[in-house]
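The values are calculated or read from the model by the stated rules, or taken from the named source; none is laboratory data. Note that the structure is a prediction, hence the values are computed from the model and not measured. Neighbour counts run over all protein chains shown; Cβ positions are idealised from the backbone, glycine included. We work out accessible area using only protein heavy atoms, side chains counted, and drop any ligands, DNA or RNA first. Shrake-Rupley method; radii C 1.70, N 1.55, O 1.52, S 1.80 Å.
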Amino acid sequence: MLSFILRRIAVVIPTFLGVTLLAFALIHMIPGDPVLVMMGERQIDPEFYASALKRLGLDQPLYVQYWHYLLNLLHGDFGTSIVSNEPVIREFLTLFPATLELSLCAMIFACLLGLPAGMLAATRRGTIVDHVTMGSALTGYSMPIFWWGLILIMLFSVSLGWTPVSGRISLEYDIPPVTGFMLIDTLLSGEEGAFKSAAHHLILPAIVLGTIPMAVIARMTRSAMLEVLREDYIRTARAKGLSRGRIVIVHALRNALMPVVTVIGLQIGTLLAGAVLTETIFSWPGIGKWLIDSISRRDYPVVQGGILLIATMVISVNLLVDILYGVINPRIRHAR
Amino acid sequence: MNFKMRNWVLGSAVALLAGTASAAGTLIYCSEGSPTGFDPSRQVTGTDFDASAETMFNRLVEFAPGSTQIRPGLAEKWEVSADNLTYTFTLRKGVKFHTTSYFKPTREFNADDVVFTFKRLTDKNFPFNKAAPSDFPYASDMAMDTNLVAIEKVDPYTVRMKLKAVDAAFLQNLAMSFASIHSAEYAEGLLKAGKAANINTQPIGTGPFVFRSFQKDANIRYDANKDFWRKGDVKLDKLIFAITPDASVRYQKLQKGECHVMAYPKPADLKAMQTNPKLNVPSQPAFNTGWLSYNVSRKPFDKLEVRQALDMAINKKAIIDAVFQGAAQPATNPMPPTQWSYNKTLKDAPMDVEKAKALLKKAGIAEGTEITLWAMPVQRPYNPNAKLMAEMIQNDWAKIGIKAKIVTYEWGEYIKRAKAGEHDTMLIGWTGDNGDPDNWLGVNLGCEAVGGNNYARWCNKEFDDLIVKGRSTTNQAERVKLYEKAQTIFKREVPWTTIAHSTVYQPMRKEVQGFKISPFGLNSFYGVSLK
């Protein structure tokens, strides 16, 4: 098992290097630079422009800039934002908990609804239940996040008044960030009603962000279950006279879970991509919006550092899934 | 209870009630984005200035709310020398800097603060700039770094500033957000503690609101400054900026009462907002102009007939209806009508396809001639949809036999290439900075600005002489005459087709009182209260 884990980790190192190069190259390929973008249509004095570029270290050749970037990374320095002058890692750590909290809740929503829906559709294959469930999943999968978010806000927040429109917590609470996770921080603050307000604010964004993963999980669970339900051991279990529930939950679901776990791991990428839009609609202070703003302002260190940190998260989750895979299925960890 | 006593009790009760009603409340403003920091000296965008200069800082002179006219700020009065090169400011006494968890002032505002602020803006070797290196783009843009050659403390409440060359807009420039006054005492403390960079994250000013906290992309909280020197201008207890990037969501929040005032509404939502009984939607012509520049350094745009022909083929009304959804007025001059010295006598050439064709023929332009028409890749208040505008102009020009190819680049690249003069015609615009006519005519049409903001690359000696003279004349009546004449030359020579001045709408809940729309597109909460 240890050699399996080490092998997996060894593969990750070149991936990281690739990510740094890609992030660096892509952002520098976009025309313009932070000074030009900041000045927009204002007039720009050539002397001012040159000194600003020099101060930011952008007057050096690209390979030198990349080399410095790598050297700093090796020292654990992700750079300093050109725009805010804050260390990238500090900004990331301030904003990432918000994205993580939202993504986790979205994933819980997706699993809680997606798994049972897929199982239901598989066990009622060809019936109206199957068609309705899979039809809904397909609709959910094709839902444009922006539109879906606004529709939910108009219905649940403005018309029915059940949920707040946007933000992480009602502005009447001023919760100092301790962990960055609002649900935990509100509990720590001990302010009455704050936790409830934070939970309320999570409902709509979690549903919006979790809709596509939910649809994917439901469809994947259904097809994996159908596959498994055709296996001989299921027929044997049925012949032994086991109850339908026991066959589905204990024998079929457990074996069907493997591709589903893989898909859940892969959905982390989808969640982070979806977080950009969801965070914009719900004024959610996470890393999605931070990165988009940084790209448009050509804040190179933030884009490079942010992408690398996100890639670290995605790669780590996938590594974990790979390892989990090995735990679930011994054949995988022994394969060369 | 005797009569006197009863009166006293009643009087106190009434005073208490009145007090509660007048100083009540927390105003929530749904803003469009996070500021990049809270140091106005280094900022350039309205989002940044709203969160710092407009809320927490003051300038020596200030724009009166809702106006481009200046009024005394931290300087009570000023004198200008006969040669217009020396300005002597008498500073206001009794002004207190904010007291916060990170700074407790031991003295009131004085000349040291003014000297610190302007030394920092103009001297690269100033010790504070060494400790916290930064660029001051606006100060450089307004030539403050080169033209302001000396700042002297005459006594604790008198400051003298000397200019290298006469700049008629100097006082207007001092009223701009970037010239906000910092506390020298606070800066010194930061420098000693090795925390000079904190000037951008933990602001200290003299303005109506005191910084409390900022959560990036979530909210900014301010408390009312109970010691504010202009008594009566602070009518709120607290001010919160709820950062809400999406315009539709801002509107939903406003409807639901989750905010009182919102920034930048979507034109498509305006109709619904105006009929909503809970909302007021005041509007004002914006301090901007959107236009199409003809690159006169290229053929055939060097010919006046060609520019005139292209100009009279454009249907401005259709553009205003489609691109601005009616929320704009056609522009005749390079500057908006709210700018003093606007020449009211000028008129657009009437739209005339036949005459345009004849002019092109006279200039020897064959039918089917191809030109490029550059469309900005970004939205601006003076041009919310440049692509659509370009398509409409392309269509108008097709009617006179000109084939326009629409070209666009990423924004930074667009500006860079345009400054290099690679375009034939291009869409661009300007929002006024300081309420001075030179900020329109000199900056965008002066000979000095060719290769810079003069995208038409139009250098007309007659026009330029007037502009240069205007810049060095401090008598406003004389300047008006000069600029009016300059506008007549502009209109005769057609280096641009002026297209529109947009209209600013500021949706707010009906309980908001006293909000004034700034001509500069800034949002300030001076004198604003909640009913």
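Structural remarks
- When chains A and B come together, the accessible area they lose, probed at 1.4 Å and totalled over both chains, is close to 4100 Å².
- About its Cα centre, the range A:90-300 has a charge dipole of approximately 1220 debye under the convention of +1 per Lys or Arg Cβ and -1 per Asp or Glu Cβ, with nothing else charged.
- Karplus-derived HN-Hα couplings along the range B:468-475 (A = 6.51, B = -1.76, C = 1.60, θ = phi - 60°), whole Hz, x at Gly and Pro: 4, 5, x, 5, 9, 10, 9, 6
- Hull shadow area, averaged, the range A:90-300 [alpha-carbon convex hull, nm²]: 14.7
- Anchor B:Lys355: aspartates and glutamates whose Cα lies under 18 Å away (excluding residues fewer than 8 positions away in-chain): B:Glu305, B:Asp311, B:Glu367, B:Asp396, B:Glu493
- 1.4 Å probe, heavy atoms, protein only - residues of the range A:265-292 losing at least 40 Å² accessible area vs chain alone: A:Ser283, A:Pro285, A:Lys289
- Straight-line reach from B:Lys510: taking Cα to Cα under 18 Å and skipping same-chain neighbours fewer than 8 places apart, the aspartates and glutamates in range are B:Glu258, B:Asp269.
- Beta-bridge orientation, chain B: approximately 75 percent antiparallel, per DSSP, counting only bridges with both partners inside.
- The C-alpha radius of gyration of the range A:222-336, expressed as a fraction of 2.2 N^0.38 Å, stands at 1.55.
- Only the Cβ atoms of Lys and Arg (+1) and of Asp and Glu (-1) were treated as charged; on that basis the dipole of chain B about its Cα centre amounts to roughly 1040 debye.
- Net +/- balance of residues flanking B:Glu422 in space, Cβ distance below 15 Å, scoring K and R +1, D and E -1: +4
- Once the partner protein chains are put back, the range B:249-270 shows a loss of at least 30 square angstrom of accessible area, versus the chain by itself, at B:Val249, B:Gln252, B:Lys253, B:Lys256, B:Glu258 (probe 1.4 Å, ligands and nucleic acids excluded).
- Bins of 20 Å from zero: percent of alpha-carbon pairs in the protein assembly as shown: 13, 40, 33, 12, 2, 0
- Solvent exposure of the range A:90-300 amounts to 46 Å² per residue of accessible area, where only protein heavy atoms count and the probe is 1.4 Å.
- Across the accessible surface of chain B, with the other protein chains kept in place and a 1.4 Å probe, carbon and sulfur atoms take up 53 percent.
- For B:Val512, nonlocal amide neighbours, meaning residues 5 or more places apart or on other chains whose placed amide H falls under 5 Å from its own, are B:Lys531.
- Among residues other than B:Asp237 with Cβ under 10 Å from its Cβ, the summed charge is +2 (Lys and Arg +1, Asp and Glu -1).
- For chain B, the alpha carbon positions stretch 95, 55, 45 Å along the principal axes, listed from largest to smallest.
- Scanning residues 5 or more positions from B:Ser31 or on other chains, those with amide H under 5 Å from its amide H are B:Ala242, B:Ile243, B:Thr244, with H placed 1.01 Å from N in the peptide plane.
- In this structure, the pairs whose alpha-carbon distance is over 32 Å, taken from B:Lys403/B:Lys469; B:Lys416/B:Lys516; B:Lys96/B:Lys516; B:Lys299/B:Lys491; A:Lys54/B:Lys253, are B:Lys403/B:Lys469; B:Lys416/B:Lys516; A:Lys54/B:Lys253.
- 5 angstrom amide H check on B:Ala404, placed H, neighbours 5+ away: B:Ile371
- DSSP beta bridges in the range B:347-480 [antiparallel fraction, %, rounded to 5]: 10
- In chain A, the calculated helix contribution to ellipticity at 222 nm averages -24000 deg cm²/dmol per residue, counting -39,500 (n - 2.57) for every DSSP H run with n ≥ 4.
- Among the lysines of the range B:119-221, pairs that are 8 or more positions apart or on different chains and have alpha carbons within less than 21 Å of each other number 16.
- Shielded by partner chains, the range A:145-161 residues - at least 40 Å² of accessible area, 1.4 Å probe, vs chain alone: A:Leu150, A:Val158
- Between the range A:238-291 and the range B:203-280, the Cα center-to-center distance that results, in Å: 39
- Apportionment of accessible area to carbon and sulfur, the range A:90-300, percent (1.4 Å): 67
- Rounded to the nearest whole Hz, the Karplus-based 3J(HN,Hα) values (6.51 cos²θ - 1.76 cosθ + 1.60, θ = phi - 60°) of the range B:146-159 follow the sequence 9, 8, 8, 8, 8, 10, 10, 8, 7, 8, x, 10, 9, 10, with x at glycine and proline.
- The range A:6-80 and the range B:466-513: distance between their alpha carbon centers, rounded to Å: 41
- Listed values for the range A:158-175 are Karplus-derived 3J(HN,Hα) couplings in whole Hz (6.51 cos²θ - 1.76 cosθ + 1.60, θ = phi - 60°), namely 7, 6, 8, x, 7, 10, x, 6, 7, x, 9, 7, 4, 5, 6, 9, 10, 8, and x replaces Gly and Pro.
- With the charge dipole of chain A set up from +1 on Lys and Arg Cβ and -1 on Asp and Glu Cβ about the Cα centre, the Cα lying farthest toward the positive end among the listed residues A:Val314, A:Met154, A:Leu56 is that of A:Val314.
- Gyration tensor verdict on the range B:482-531 (Cα atoms; rounded if a/c is under 1.5, prolate if a/b is larger than b/c, oblate otherwise): prolate
- Comparing Cα centroids, the range B:364-442 and the range B:67-139 end up 39 angstrom apart.
- On a per residue basis, the range B:336-439 carries 44 Å² of accessible surface, using protein heavy atoms and a 1.4 Å probe.
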